[in-house]
Structure formats: C-alpha cells, structure tokens
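Any read-out appearing in this document is the output of simple, stated calculations on the displayed coordinates, not a laboratory observation. This structure is a prediction, so every number in the text was calculated from the model and none was measured. For neighbour counting, all protein chains shown are included, and Cβ atoms are generated from backbone atoms with ideal geometry for every residue, glycine included.
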Amino acid sequence: MRTEVLSADEAALAHAAQIIRAGGLVAFPTETVYGLGADALNENAVKKVFLAKERPPDDPLIVHIAHPQELIIVAQNIPQLAWDLTKRFWPGPLTLVLPKAERVLKAVTGGLETVAVRMPAHPIARKLIEASRCPIAAPSANRFGRPSPTRAEHVVEDLAGRIDLILDGGPTSIGVESTVLDMTQEPPMVLRPGGVTLEELRDVLGEVRLLDSSQREAARRSPGTRYRHYAPRAKLMLVEPEQLEPVVASLIAQGQKVGVLTVQSSKFTVPSSGLVTVGMPTDLTSYARRLFAALRELDAQGVDVIVVERVAERGLGRAIMDRLRRAGGPEGT
Ligand code: TXA
Ligand code: MG
C-alpha cells in the first residue's frame, strides 16, 4: 500500500475524512502525540489498526470525539464527576474510562465492558472527527512498543506502506500521551499518568489513586501496562543525576556506544567517539515535548545503551518517569 503524506489543509482534511468513512486508516496530530485513526464503529477498520501497528488485540484503543455531548454515544452510566472533569479538562489530554455503550465494538475495547474516551484539543484532530461524522478509535501512531510519534516523520518511520494517509500538522505540543483515568472505581484511578497531572485531577476530584504499574493488579486494570512500551532499540538505563558521569564513563570504557539524555549536557563537552549526548530542557513541560523524539534520535545514531537521569516525580514528571521506566522494559530500573 502507498501511504500519502499531506500537509493538513482543508482539502487534505476532506480527503482524510473520506478515507475514514471508507474504512481506511489515517494518522493525524493531536496535542499529545500522533494518533492512528479509524472509524470506531467499523469493525474491519478497527482490526486494520491492530494489524498496521502489530498491536496485540487485547490492548484496547481510545475513542476520540469532537464534542463533550458525544460521550453518550459511546459510554453509559456516566457519573456527574465525569461530566465535571470534561468541563474542566476537555478538550485536552484526559482520557476517561467508563462503562461502554452497547454499540461500542469489543474489537475497540479489547473485550472489556469499559471504553476509554477523550476529546482532543488539537484543531486538526477535532476537524477530522467532525468531517468523518463518526467517533475515531486511535492509538498512538507508532509501531507497537516503539516510542510514540510526536512528528509526522516518526509516523513515516514506523507505518509507511501500512496505512492510507498521514496528515502532517507539525510537532505536537505536549509530547506525552493523555492521562488515562478509570471512572468506574471509587475513588477514580489513574491507569496511565499523562498530560493532565495528578495535582490538577486532585483539584477537581479530591481523592484519586495512582495505579502502581509494577503491581500485578496493573495488568488486569490497564491492559496496556502488560507490555514493554516506548522502547528504543537500545537498552535504556535510568540513573540518579550524580551517577550519570561515572556510569557513562564505565560503559564507554567497556567499549559500548553510549547515548546520554541529560539536563547537564555541559558536563559532556569532551568529544568522545563512543558518546552521543542529547541535551534536555530542565523544565518538565519542554522535557516532555522533547522526550520521544530524543529517544528516536539516539536510536538513529545506533547507540548500544541510553543512559537517562531521573526527573522529579511531580507534575508532568510522573508521566515522563512512567515512560522512561517502561522504555527500560521489565529488566530496566
Ligand atoms: O494521548 C493519547 O492518549 C494518544 C492520542 C493519539 O490520543 N493515544 C494513545 O493511545 O496514547 P494508546 O492506544 O497508545 O494508549 C491507550 C491506553 C493503553 O494503555 C490502553 O491499555 C488504555 O489506554 N486503555 C484503552 N481502553 C481502556 C479501557 N477500557 N480500560 C483501561 N485502559 C484502557
Ligand atoms: Mg501507544
């Protein structure tokens, strides 16, 4: 299959909506990461998403809507608290897990009786959903297990030849995925930290729990946490900031080609053939925006190991640390 790549103007959006309505696959920008969209009510189209990504069928997709009222099309028994959250955080990077409406396909929910729904803030995403006149099921538009795409070029790398169209809307602004919040539990539980922070959710919800993804419970509640994610090809090591220099020095001494993701890049100015340094911004918002592209850049340089220093686990730092831990895989720290 030939994959078209078009700058996301009006004509391209109309063309994209036609493809979605015909059961095809379109990658499109959201404010978090690029999504790989299909008509959420078309079983064949949804199945193609799993095939294109090589994603296991029990890892459910998020359904994207263009208006808060459309929540009743895909979910039922919606608690008042969920509506309160939509008022505060939609459109935006918050995904709500709710009991699914009859019409929502099991193919979308991975066999679960719940559905994950979000209303994205990116105008291109919303225009595409509106023009397609259907809810759009969309996982991140990466090959399964790879870092999520924050630029159209990342989607090309992973999915060219496997999908119909990529709408290029430039780099995404948040850079990590939405927060997934399970509203079927009391108190609600964050299954995946993301663009809306725990602190912001506490403001509206009072009490909210954070799923401990190292626990066995995680696999049952959040199917996505069963698998290694966001993984560069290189091995990833998370270290304390003060361990960074000695760890890097010892890996280079062992003959490894080392990539370093660091906010202290000034410490690595001495040129070394076995070292590739990517300087990261110190503020967490900019760090999140840069993270997945940085992992892909280090991979492209063919490093054996990527060493990353921990960031503070507050605000967006929770989402960043979650992605770094998963990128390290089960054997990672
Ligand atoms: O920001 C985002 O959320 C992006 C953009 C494209 O919207 N999408 C995204 O989708 O990250 P994906 O498929 O890569 O991640 C969806 C996550 C997975 O961890 C999945 O397990 C979880 O949401 N999920 C989906 N439906 C669920 C459900 N019914 N119950 C629990 N978790 C669910
Ligand atoms: Mg994903």
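Against the compact-protein benchmark of 2.2 N^0.38 Å, the Cα-based radius of gyration of the range 5-88 scales to 1.24. In the chain, helices alone account for a calculated mean residue ellipticity at 222 nm of -9500 deg cm²/dmol, with every DSSP H run of four or more residues adding -39,500 (n - 2.57).
Between F292, F89, F268, the Gaussian network model of the chain with springs among Cα atoms under 10 angstrom shows the greatest mean-square fluctuation at F268.
Global dimensions of the range 2-46 from alpha-carbon coordinates: Rg and Dmax equal 10.6, 28 Å. Each label point was placed 7 Å from the Cα along the Cα-to-Cβ direction; for D84 and A14 their separation is 4.5 nm. Stretching D304 away from L210 to a fully extended chain increases their span by 30.5 nm, per 0.36 nm per residue minus the current alpha-carbon distance.
Using a Gaussian network model of the chain in which every pair of alpha carbons under 10 angstrom is joined by a spring, one finds that among T32, T282, T269 the greatest mean-square fluctuation is at T269. Sorting 9-15, 115-121 by average packing, meaning the other beta carbons within 10 Å per residue, from highest down gives 115-121, 9-15. For A66, what is the net charge nearby, where nearby means another residue's Cβ is under 12 Å from its Cβ and Lys, Arg count +1, Asp, Glu -1? That works out to +2. Using C-alpha pairs under 8 Å with a sequence gap of at least 6, the mean separation divided by the residue count of the range 16-70 gives a relative contact order of 22 percent.
Short-range pairs are left out: with C-alpha atoms under 8 Å and at least six residues apart, the relative contact order of the range 43-126 is 40 percent. Using only side-chain charges placed at the Cβ, +1 for Lys and Arg and -1 for Asp and Glu, the dipole size of the chain relative to its Cα centre rounds to 540 debye. Normalising the average separation of contacting C-alpha pairs (under 8 angstrom, six or more residues apart) by the number of residues puts the relative contact order of the chain at 20 percent. Between N77 and Q264, residue separation times 0.36 nm minus the direct Cα-Cα distance comes to 62.4 nm. Here, the range 259-322 is characterised by an Rg to Rh ratio of 0.97, where Rg is the alpha-carbon radius of gyration and Rh the Kirkwood radius.
Global size of the range 73-143: 12.6, 37 Å for Rg and Dmax (C-alpha atoms, Rg to one decimal, Dmax whole).
Any chance you could give the angle, 0 to 90 degrees and rounded to 10, that helix 317-327 forms with the longest Cα principal axis of the chain? Taking the Cα atoms of the chain, the angle to 317-327 is about 80 degrees. Every pair of different Cα atoms in the chain enters the Kirkwood calculation, which places the hydrodynamic radius at 20.2 Å. Between G170, G206, G110, the GNM of the chain built on Cα springs shorter than 10 angstrom shows G206 fluctuating the most.
Inter-label distance, L6 to H67: 2.5 nm, where each label sits 7 Å from its Cα along the C-beta direction. Taking 0.36 nm per residue of separation and subtracting the current Cα-Cα distance, fully stretching the chain between A312 and Q185 would add 42.9 nm. In this structure, the pairs whose alpha-carbon distance is over 29 Å, taken from K100/K127; K47/K87; K47/K257; K48/K100; K53/K100; K53/K87, are K47/K87; K47/K257; K53/K87.
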